[in-house]
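Notes follow the structure.
The values are calculated or read from the model by the stated rules, or taken from the named source; none is laboratory data. Everything quoted here is computed from the prediction, not taken from an experiment. As a convention, Cβ positions derive from the backbone with ideal geometry for all residues, glycine included, and neighbour counts pool all protein chains shown. Keep in mind that these areas ignore ligands, DNA and RNA; they rest on the heavy atoms of the full protein, side chains included. Shrake-Rupley method; radii C 1.70, N 1.55, O 1.52, S 1.80 Å.
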Amino acid sequence: MPFAVGLTGGIGSGKTMVAELFAELGAGVVDTDEIARALTGPGQAAVGEIARRFGPQYVTADGALDRARMRKLAFEDARAKKDLESILHPLIRREAERRVANSTAPYVILVVPLLFESGAYQKLVRRVLVVDSDQETRIERVRRRNNLPREEILAIMASQVGQAERLRRADDVIRNDGDLAALGAQVATLHRKYLDLAAEG
């Protein structure tokens, strides 16, 4: 199994941007959010399971998961959230494992937003990298990106492991305050570190 680093961070911290910078330097990137989107796209197996469990109203006309409607249900109904996770998480993990195992890159960045919450990926990664930003910066990024109201963003944040706990459990931390040059420099430093660690086996 290739050397894998688990990349995580709270919503809006900039995980995708950091992963893209690592990819530009030659790292392999496996993103569990991207896998989840693929598994819930038009005609995918997970969509049929979701329709059976929750009803056809959670599927769009083109046969994909209605993400906005499902997100609303999952936040209002803890049981529904658990049922959705029981369908998706095993499928996502299997595909993530397959992609990591098949990577020919010197090391792999495995992007798992809920790395600490799920506990399902700890054995796949050798180190944990946390992307960190202050809360107001994160709220503004999510608001611009997803057009969500502040209350909903705060509810998502409240459902995730707290910032202090994430930092306590991190092996490495990247600070993302919106300065792209500073971000790139931090990524480059860690890239060299991970190449060395991967070479050591």
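None of 152, 200 is under 21 Å from residue 16 (Cβ atoms) and not β-branched (Val, Ile, Thr) except 152. Residue count for segment 6-17 under the criterion of being touching a Leu at 6+ places or on another chain (Cβ under 9 Å) and either buried (at least 24 other Cβ atoms within 10 Å of the Cβ) or on the phi > 0 side of the Ramachandran plot (or both): the result is 5.
Mind listing just one residue for me: the one in segment 67-88 that is without any contact (Cβ under 8 Å) to a residue 12 or more places away in the chain and farther than 19 Å from residue 35 by Cβ and, of those, surrounded by the fewest Cβ atoms within 10 Å (Cβ to Cβ)? Looking at residues that are without any contact (Cβ under 8 Å) to a residue 12 or more places away in the chain and farther than 19 Å from residue 35 by Cβ, I get 79.
Looking at this structure, is residue 116 within 24 Å of residue 193 (Cβ to Cβ), touching a residue at least 12 places away in the same chain (Cβ under 8 Å) and among the aromatic types (Phe, Trp, Tyr)? The answer is yes for residue 116. Of all residues in segment 89-107, which are open to solvent by less than 80 Å² (accessible area, probe 1.4 Å), touching a residue at least 12 places away in the same chain (Cβ under 8 Å) and not aliphatic (A, V, I, L, M)? The answer is 89, 93, 95, 97, 99, 103, 106, 107. Of all residues in segment 42-54, exactly one satisfies the criterion of being open to solvent by less than 10 Å² (accessible area, probe 1.4 Å) and among the small types (Gly, Ala, Ser), namely 46.
If we scan segment 111-119, do we find a residue that is of a type outside the set (S, T, N, Q), at pLDDT 95 or above and within 17 Å of residue 31 (Cβ to Cβ)? Yes, there is a match, as at least one residue in segment 111-119 is of a type outside the set (S, T, N, Q), at pLDDT 95 or above and within 17 Å of residue 31 (Cβ to Cβ).
Looking across segment 55-66 at every residue that is closer than 23 Å to residue 147 by Cβ and of a type in the set (Gly, Ala, Ser), the one that is surrounded by the fewest Cβ atoms within 10 Å (Cβ to Cβ) is identified as 61.
Scanning segment 1-37 for residues that are in contact (Cβ under 8 Å) with a residue 40 or more places away in the chain, part of a helix (DSSP H, G or I) and either polar (S, T, N, Q) or touching a Lys or Arg at 6+ places or on another chain (Cβ under 9 Å) (or both) turns up 16, 32, 33, 35.
Only residues that are at pLDDT below 90, assigned to a helix (DSSP H, G or I) and open to solvent by less than 60 Å² (accessible area, probe 1.4 Å) were counted across segment 153-173, and they come to 4.
Got at least one residue in segment 127-137 being surrounded by fewer than 18 Cβ atoms within 10 Å (Cβ to Cβ), among the basic types (Lys, Arg) and either touching a helix residue (DSSP H, G or I) at 6+ places or on another chain (Cβ under 8 Å) or within 17 Å of residue 9 (Cα to Cα) (or both)?
Start the filter on segment 127-137 by keeping residues that are surrounded by fewer than 18 Cβ atoms within 10 Å (Cβ to Cβ), which leaves 127, 134-137.
Still in the list and also among the basic types (Lys, Arg): 127.
Then drop every residue that is not either touching a helix residue (DSSP H, G or I) at 6+ places or on another chain (Cβ under 8 Å) or within 17 Å of residue 9 (Cα to Cα) (or both), which leaves 127.
Checked segment 127-137: at least one residue is surrounded by fewer than 18 Cβ atoms within 10 Å (Cβ to Cβ), among the basic types (Lys, Arg) and either touching a helix residue (DSSP H, G or I) at 6+ places or on another chain (Cβ under 8 Å) or within 17 Å of residue 9 (Cα to Cα) (or both).
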